[in-house]
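Q: Please find one structure pasted underneath; my questions will follow.
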Amino acid sequence: NVMFFLVELSGGDAFIMKWAFVPSRFLANPMGDFLTLFTSMFMHAGWLHLGGNMLYLWIFGDNVEDRFGHGKFLIFYLICGLAATFAQLAFSVGSNVPHLGASGAIAGVPGAYILLFPQGKVRVLQGQQVIQVPALVVIGLWIVLQFFSGIGSIAETADTGGVAYMAHVGGFIAGLVLTLLLGGRRAGPAR
C-alpha cells in the first residue's frame, strides 16, 4: 500500500485517472478496465487516508494474518477489496468519480478479527492516556458509523467528503463471511 501510494504520488492525476476504479468507465468496458478492480485498492487520497488505513491494518491485520497464514490472508484481503468495490458500485453506477483506497479491503480485517478474537482488546488514546478497550467496542462503533453514514450517503444531496462508506460496509461484511468460510487457526490469543 505504501509503495503503491508513493508511485501514485509521482504519477499525479493522470496515474489516478488511469488506475482508479471509475464506475461508469468500468460498466462501459469491464474487460478493458478489469485491472482497476485491483489497482484501486492499493491507492489512497492522501497521507492521512494512508496513515489511517495502515494503522487499522497494523492493529488488526497481523493477528488475522497469523490465523489465516500469509497466502490465505492475501486472498482474503483481495476478495474483501473486490467486495468493497462492488458494494460501492451498486450505489454509484453512473459515477465518473475515481474510487480509490484500501479502506474497503482493510475493512474486512476487523470483520475477521471480531470473529477470530472476540475477547481481544486494543489500546486507544483517550485524552492524554492510552487505555485498553474491548476490540468489539472499537470495531462495533466504527461499523455502526460506516453503516449509518453509508445510508446517509445514498441521498443525492449528501456530501460525504469523497468517502465511499458503502465500500467500508461491503468490505466488513465480506470479512465476516470469508472468515466463516475460510476459517483460521483458532489456537492462541491475540497479541
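The values are calculated or read from the model by the stated rules, or taken from the named source; none is laboratory data. Quick caveat, the model's predicted, so the values are computed rather than measured. Counting neighbours? That spans all protein chains shown, and the Cβs are built from the backbone with ideal geometry, glycine included. For accessibility, only protein heavy atoms count, side chains too; no ligands or nucleic acids. Shrake-Rupley method; radii C 1.70, N 1.55, O 1.52, S 1.80 Å.
Q: From the list L125, L82, L176, exactly one residue is part of a strand (DSSP E or B) and either surrounded by fewer than 22 Cβ atoms within 10 Å (Cβ to Cβ) or at pLDDT 75 or above (or both). Which is it? Full working, then the answer.
A: Working: L82 fails: part of a strand (DSSP E or B); L176 fails: part of a strand (DSSP E or B).
When all the criteria are applied, what remains is L125.
Q: Step by step: first the residues of segment 4-24, then only those that are of a type in the set (A, V, I, L, M) and under 12 Å from N96 (Cα atoms), then the one that is surrounded by the most Cβ atoms within 10 Å (Cβ to Cβ). Which residue is that?
A: V22
Q: Write out, first by first residue and then by second, each pair whose Cβ atoms fall under 6 Å of each other, whose residues are 6+ apart or on separate chains, and whose first residue, in segment 166-186, is under 15 Å from N63 (Cα atoms) while the second is among the hydrophobic types (A, V, I, L, M, F, W, C) and modelled with pLDDT of 95 or more.
A: G175/C80
Q: Then there is this: Please enumerate the residues belonging to segment 25-71 that are of a type in the set (G, A, S), open to solvent by 30 Å² or more (accessible area, probe 1.4 Å) and over 21 Å from V177 (Cβ atoms).
A: The answer is A28, G32, A45, G51, G52.
Q: Is it the case that some residue within segment 90-97 is of a type in the set (G, A, S) and open to solvent by 50 Å² or more (accessible area, probe 1.4 Å)?
A: There is at least one residue in segment 90-97 that is of a type in the set (G, A, S) and open to solvent by 50 Å² or more (accessible area, probe 1.4 Å).
Q: Here is a further query. With the structure loaded, tell me whether V133 is farther than 21 Å from I173 by Cβ, of a type outside the set (D, E) and open to solvent by less than 40 Å² (accessible area, probe 1.4 Å) or whether it fails that test.
A: So V133 fits the description; yes.
Q: Moving on to the next point. For segment 111-121, check the following and say yes or no: at least one residue is open to solvent by 50 Å² or more (accessible area, probe 1.4 Å), more than 17 Å from the chain's Cα centre (by Cα) and among the basic types (K, R).
A: yes
Q: Additional query: Can you run down the residue pairs with Cβ atoms below 8 Å, 6 or more apart or on separate chains, where the first is in segment 50-66 and more than 14 Å from F117 (Cβ to Cβ) and the partner is open to solvent by 50 Å² or more (accessible area, probe 1.4 Å) and among the aliphatic types (A, V, I, L, M)?
A: Partner pairs satisfying both residue conditions: L50/V2; M54/V2.
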